[in-house]
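The values are calculated or read from the model by the stated rules, or taken from the named source; none is laboratory data. Worth saying up front: this structure is predicted, and the values here are computed from it rather than measured. Cβ placement follows ideal geometry from the backbone for every residue including glycine, while neighbour counts extend to all protein chains displayed. For the accessible areas, the whole protein counts, side chains as well, though only heavy atoms, and no ligand, DNA or RNA atoms are used. Shrake-Rupley method; radii C 1.70, N 1.55, O 1.52, S 1.80 Å.
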Amino acid sequence: MIRTAAILGLLLTAAACEREAGRELNRGGTFGEATLNNAAVMSNDRSFTIQLAGRFAQEVPTTITFDFDSAQLDQSARAVLDQQAHWIRQFPEVRFRVFGHTDAVGSDAYNRALGLRRARAAVNYLVSRGISRSRLEAVISHGETQPLIPTPERERRNRRTVTEVSGFLKNHQSVLDGKYAQIIYREYLESAVPATTLTQQKSLERTLQ
């Protein structure tokens, strides 16, 4: 019985190590790659921005769409932007760009202006959800030049904005000293703290924001 319990304990310990804090960025390798990734990022051999951009695109919707000739945010668009804002708040080191797009109906000049209004509408909403405007690095309009669906007709999927990771705040200490694992696994580190009435209340407040 003692030997069986010891073996079981070792197995449980090994399983726990699979989620040990500071694990690799891509979550698919073995423990210990955080240092390797840190060195690669600091030496410019690996793009931290590209890796975080991939994670953002995987974990939240990056695109919202609009009615024809409109820059108004509907309920669906606001719901998506709420998800984006929640993700963005967890990574205060990260900056973002919002790109505006239109369909092909209308002149090029009009559509570029419309795309810009749409991008600004998305930015303004993110700011209203507590994101600093300084972190929304640029607002860019592509007008009708990058359709998802090539057509001269009205097409909602082309009337959109796309939010993307663009880089990091240059004066943020965690970025400057290469604390790469600290940024990526902040949520995981917080999850290891036993829940208390206070932490549960804070979690509820963040959810309601």
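Numbers at a glance
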item: Among the residues listed as Leu126, Leu73, the single one being over 20 Å from Arg55 (Cβ atoms) and open to solvent by less than 40 Å² (accessible area, probe 1.4 Å); result: Leu73
item: Residues within region 93-115 that are crowded, with 18+ Cβ neighbours inside 10 Å and small (Gly, Ala, Ser), tallied; result: 3
item: Scope region 130-174; condition open to solvent by less than 40 Å² (accessible area, probe 1.4 Å) and at pLDDT below 75; matching residues; result: Ala138, Leu169, Ser174
